[in-house]
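Step one of this worksheet: look at the structure below.
The values are calculated or read from the model by the stated rules, or taken from the named source; none is laboratory data. The structure displayed is predicted, hence computed values, not measured ones. With ideal geometry, Cβ positions are generated from the backbone for all residues, glycine too; neighbour counts draw on all protein chains shown.
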Amino acid sequence: MNQYPWWKNALIGLVVVWGLIYALPNVYGDNPAVEIQAAHGASVDRATVAKVRRILAGAKLPYKRISRVAKGIQVRFARAGVQLRARDLIGQRLGPDFHTALALAPADPSWLRMLGARPMYLGLDLRGGVHFLLRVDMHAALHKALLEDARALRRALRHHHIRYREARLTKAGILRLRFRDSAQAQRARRLVARQFNDLTIVSGAHGALRAVMTPAAIAAKRHYALQQNLTALRRRVNELGVAAPIIQQEGHSRIVVELPGVEDIARAKEILGRTATLEIHMVDSKDSVAAAMSSGPPPGTRIYYDRHHQPILLYDRVLYSGDDITNASTGVDPQSGQPVVNITLNGRGAAVNARVTRRNVGQRMAVVYVEVQSHLKRNNEGVPMRGPDGRRIRVTRKIEQVITAPVIREALGGNFQITGIGSIRQARNLALLLRAGALAAPVSIIAERTVGPSLGAANIARGFYATLFGFLAISVFMAVYYRAFGVMAATALAINVVLLVAVLSVLQATLTLPGIAGIALTVGMAIDANVLIFERIREELRNKNSPQAAIATGFDKAMGTIVDSNMTTLIAGLALFWLGSSSVRGFAVTLCLGILTSLFSAILVTRALVNAVYGRRRRLARLGI
């Protein structure tokens, strides 16, 4: 007779019950919520919870409950409209020390949460939001690194008393050095070999050298630029107040940014693509600006312009920059009523600031805003121009503007204010960029896709009904063609879908529209194993075998074919995951997991059902197949 031992039936039953429990949270849906997280040394405690309750009660905004989560506080609401009003009000009342973000909180009951059962995350195409594909300007990153090497090399040459006539960086990334004689050139060659591991001398004779960056240094600088940009973008997205964003590397020079639920798309684009930072210079008050503009600035100085387009002469040397800023917040000057940005420096920046301001009381210090902008080059008709390779040509422009140049009245420490900012919005954006840190290299948005919440809900409904109708059509076909065995195959197929959803939920995978397509494809493919088994059973019956022997032989002989066919599909799914983009990977994950669950359901679950119906019958005359 065809029977499983009791422990195997119990194990299959436990797996099915486990699948039902961990797939169940996806049925309850989500509640609109607001998440509140602490920033810049603040903490979320009971006083914060009480303050949030008072804010909501004062504005008469109803909420379901306030609960503590891993990163702060979560407030649940019944409607999205109340959620939006509460986010704006809480963010305004709590101030810049807290981040407020829109979120979707699972509405599943508490007993499921106690078991650790959580629903799947919904991707951007199902939840709504904006998708950006950013390209990192690696040429600009390498050029910036070469500029730093050139400055360091000039200082080293002066320190070692090596006289040079020229130390210039070309657009091609070559550092040209010219010396008075060959002896000085040889000393410089030894200096580069000893102190500058990033540079190598490619040629040189008769008092001239040409240095370029080594391949290993180029690879390291590219990797650093990409990783630094990823870190800075994550900080900026946190400042924007976005819950569950996706920021990940794609390829060697691209970054994918997905912001679910973002409404102010223009501000998101503005914040993500800007490479703003600050530089602090001393003002040259000894030389005339007019003379410098007519005959050229004196050595060690440069002409800058303020926001009123007035020239100002500054020393080249950067005292400290945005890298030394640990916090930046907006405020209002009580005397003038104008917006200001309050700056907090780290230990190094505070020490430099104290030393410089103590020595230069009565002199002027300038705060220079530096930003690198990248945009498409267009012709006279406004059409983007393309290069010989067919790609669009991008032009990079560096903006350096003096925000303010006040007179130093007294020695400063690690805190000071930046005044002279145009509007409160500009002050907020500047503070956000300074808190998040500057990008190591400019980025440009090369692809953008926006999905509204209503379109996301429509995608969920269409995907659900497509999977449901496919399942019903397959179930009807199997029931008509294979009768009782077809009904058992349809039951196993339903269990397969439940198990697949449960596994995705346990792994906290992000379900996207391609992922739903993977589930629908799994429904169609999983039944193939049952078809192979049932046709093998029919063949054994035609060979005059007994019904019980036909069942046992059909399952046993079809096993190898089923495993082989699914393994080939699994290999293709793994290749898609390895080489595909983010959306393709979502499809690949669902496909691979669906193959594994379909093997379990088609072989073990179907066999257990067949055993339960026919296995105990000693005298079985015919099969319902």
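Observations, loosely collected:
- Selection from the range 280-305 of residues that are acidic (Asp, Glu) and at pLDDT below 85: 287
- You will find that of 156, 145, 183, the residue that is modelled with pLDDT of 85 or more, among the small types (Gly, Ala, Ser) and part of a helix (DSSP H, G or I) is 156 and no other.
- Test: residue in the range 64-74 that is over 22 Å from residue 330 (Cβ atoms), of a type in the set (S, T, N, Q) and within 24 Å of the chain's Cα centre (by Cα): yes
Conditions tested, residue by residue: (1) in a helix (DSSP H, G or I); (2) surrounded by fewer than 20 Cβ atoms within 10 Å (Cβ to Cβ); (3) in contact (Cβ under 8 Å) with a residue 24 or more places away in the chain.
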{"residue": "544", "(1), (2), (3)": "no, yes, no"}
{"residue": "556", "(1), (2), (3)": "yes, yes, no"}
{"residue": "560", "(1), (2), (3)": "yes, yes, no"}
{"residue": "564", "(1), (2), (3)": "yes, yes, no"}
{"residue": "587", "(1), (2), (3)": "yes, no, yes"}
{"residue": "591", "(1), (2), (3)": "yes, no, yes"}
{"residue": "594", "(1), (2), (3)": "yes, no, yes"}
{"residue": "613", "(1), (2), (3)": "yes, yes, yes"}
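- Residue within the range 161-169 that is surrounded by fewer than 18 Cβ atoms within 10 Å (Cβ to Cβ), modelled with pLDDT of 85 or more, outside any loop (DSSP other than H, G, I, E, B) and in contact with a helix residue (DSSP H, G or I) (Cβ under 8 Å, 6 or more places away or on another chain) present: no
- Test set (1) surrounded by fewer than 12 Cβ atoms within 10 Å (Cβ to Cβ); (2) touching an Asp or Glu at 6+ places or on another chain (Cβ under 8 Å); (3) not polar (S, T, N, Q) - residue 47 fails condition number: (2)
- Checked against the criterion of being assigned to a strand (DSSP E or B) and modelled with pLDDT of 80 or more, the range 225-240 contains not a single residue that satisfies it.
- The residues of the range 464-485 that are free of Cβ contacts under 8 Å to residues at least 60 places away in the same chain, in contact with a helix residue (DSSP H, G or I) (Cβ under 6 Å, 6 or more places away or on another chain) and of a type outside the set (A, V, I, L, M), listed by number, are 467, 470, 471, 475.
- With respect to the conditions (1) under 47 Å from the mean Cα position of the chain (by Cα); (2) part of a helix (DSSP H, G or I); (3) modelled with pLDDT under 90, residue 477 lacks only one, and its number is (3).
- Strands (runs of 3 or more DSSP E) lying entirely in the range 29-133 (those with 3 or more residues that are under 21 Å from residue 259 (Cβ atoms)): 30-38, 72-76, 98-106
- The requirement of being surrounded by 21 or more Cβ atoms within 10 Å (Cβ to Cβ) and part of a loop (DSSP other than H, G, I, E, B) is not satisfied by residue 526.
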